[in-house]
Amino acid sequence: MNTLRRPFYVIAFHSGLIFALIASMGYGCVKKQPYHTESRLLMGTVVEITCQDKQAIQVAFREMEDVERLLSIFDDNSEISQLNKRRKLNASWKTLQILKKCKSFYETSSGAFDITAGPLVDIWKDAIEEGRAPSERSITRAKKLVDSNNIVIDEVFSTAKLSKRRMKLDLGAVAKGYAVDVAIRKLKEIGITSCLINAGGDIYCLGKKNNRPWQIGIQHPRNDSIVKNFVLTNRAVATSGDYEQFFVLQNKRYSHIINPYTGYPADSGVVSVTVIADDCITADALATSIFVLGKEKGEELARAFANVQTIIFTEDDLDV
Ligand code: AMP
Ligand code: MG
C-alpha cells in the first residue's frame, strides 16, 4: 500500500479528525492513463472527484450541483426550502425519491434518523451563537414538530406535503451521500468504470484504480494515526463524528447531530462512526443514525442492512 498525505490523497471528512486516505495503488510497468483530480466547494464542503476522464468529472459535478439546487436549505429557491415554506409542493422525481428514502430510514432507525429535526437543529444552532442552552420550553415545542410521519408523499401527483405548520426539513444528514450516488449513477450511464468521489468524507469508489481496488484509510478521531485501512470497489463510505461540527457550552461538548427522542444533541457515547455500504446514501443515513443510537443499538440497526460494515469509536475507546 502507498498512503500519500495531504495535499495529494488525504481527504478530510467533513468533521475534521477522521480522515480518509485515498491511497494511490497500482504503480506497474504498463503505461496507464493518468488520473485527474478536481475539487470544488459544494454542499458546504470540498468535493473531490478523481477520474481518468476530465469531461466525466465535469458531468459528475453538474449532477451534484443539481442535487444541491434541489435539497439545500441554504438556498431559498431549492425544492426543500420551498416545501418548508409552502408545506405543499409539486416536486421533482429526485426530491420525491430522497424523501421516500428518508422516511424509510426513519422507520428502520425507529426515529433516530429524522429529517424533520430541522426546528431542533435550528434552536441548538441559535444556542451556539448566543452562548446559552435553549430553554426546556423551546425544546418541547420544537420536538412536537419532529416526526417524519408528517411528510406525505404522493407519487401519482408528484407532490410532497408537510402536515404540520412550522415543520422544517433538514436533509444535511444525507444530501451529500445522495448527491454522490446520483453522480455515480450518471457516470455509469456514460460508461465510466473507474472514479472516486469524495464529498467531505462521503465517498464512493467506482471500479478500481489501475486494476487495483481503491484504498481508504480511517484516521483516529483524536490523533493522526491511521487505525484502519481497507480496499473498496463499487462501495461507499460515510462518517459521522463529534469533532469539527460541535460546540462547547458551559464546558460541555455538544454534537451537531440531534437525538430526536430527547431534543438534545446526541449523547450516546459514540465519538465517530464510519459506515461502509453499497451506496452512499445508506452509508450517510446509517452513520447519522448510529451516532444517535449508540454502539449496541447502532450495530443492531446496521445488521438489518445487507452488506454493511461499521467502524465505531466510543468515548471508552479513547480512554484506552
Ligand atoms: P451527518 O454529519 O451526516 O451525520 O449529518 C448531520 C446533519 O444532519 C446535521 O448538521 C443536521 O443538519 C442533520 N441532523 C441532525 N440530527 C439529525 C437526525 N437525528 N436525523 C437526521 N438528520 C439530522
Ligand atoms: Mg450522515
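The values are calculated or read from the model by the stated rules, or taken from the named source; none is laboratory data. Just so you know, these numbers come straight off a predicted model, no measurement behind them. Counting neighbours? That spans all protein chains shown, and the Cβs are built from the backbone with ideal geometry, glycine included.
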Legend entry - Positions within region 143-190 being among the small types (Gly, Ala, Ser) and away from ligand 2 (no atom under 16 Å from the Cβ), in sequence order: Ser158, Ala160, Ser163, Ala183
Legend entry - Looking only at region 196-207, and only at residues there that are modelled with pLDDT of 95 or more and touching a Phe, Trp or Tyr at 6+ places or on another chain (Cβ under 8 Å), the one that is nearest to ligand 2 (Cβ to nearest atom): Ile197
Legend entry - The one condition in (1) of a type outside the set (S, T, N, Q); (2) more than 16 Å from ligand 2 (Cβ to nearest atom); (3) at pLDDT 95 or above that Met25 fails to fulfil: (3)
Inset, instruction - Those residues that are part of a loop (DSSP other than H, G, I, E, B), under 24 Å from Glu315 (Cβ atoms) and not small (Gly, Ala, Ser), I need them from region 196-221; list them, please. - result: His220, Pro221
Inset, instruction - For residues that are touching a Gly at 6+ places or on another chain (Cβ under 8 Å) and crowded, with 17+ Cβ neighbours inside 10 Å, scanning just region 244-278, find the one that is nearest to Thr140 (Cα to Cα). - result: Pro260
Inset, instruction - Those residues that are within 16 Å of ligand 1 (Cβ to nearest atom) and surrounded by fewer than 20 Cβ atoms within 10 Å (Cβ to Cβ), I need them from region 85-110; list them, please. - result: Lys100, Lys101, Lys103, Ser104, Glu107, Thr108, Ser110
Inset, instruction - For region 187-204, indicate whether the set of residues that are free of Cβ contacts under 8 Å to residues at least 60 places away in the same chain and under 23 Å from the mean Cα position of the chain (by Cα) is non-empty. - result: yes
Inset, instruction - For Asp224, indicate whether it is without any contact (Cβ under 8 Å) to a residue 60 or more places away in the chain and within 27 Å of Glu315 (Cα to Cα). - result: yes
Inset, instruction - Count, please, the residues in region 147-186 that happen to be within 11 Å of ligand 1 (Cβ to nearest atom) and either under 19 Å from Lys54 (Cβ atoms) or over 13 Å from the mean Cα position of the chain (by Cα) (or both). - result: 3
Legend entry - Qualifying positions in region 134-151 - assigned to a helix (DSSP H, G or I), touching a residue at least 24 places away in the same chain (Cβ under 8 Å) and charged (D, E, K, R): Lys143
Legend entry - In region 87-124, the residues that are out of contact with any strand residue (DSSP E or B) (no Cβ under 9 Å at 6 or more places or on another chain) and away from ligand 2 (no atom under 16 Å from the Cβ): Ser92, Trp93, Lys94, Gln97, Glu107, Ser110, Pro119, Asp122, Ile123
Legend entry - Cβ pairs under 7 Å, 6+ apart, first in region 118-133 and at pLDDT 90 or above, second part of a helix (DSSP H, G or I): Pro119/Ala142; Leu120/Ala142; Leu120/Lys143; Ile123/Ser138; Ile123/Ile139; Ile123/Ala142
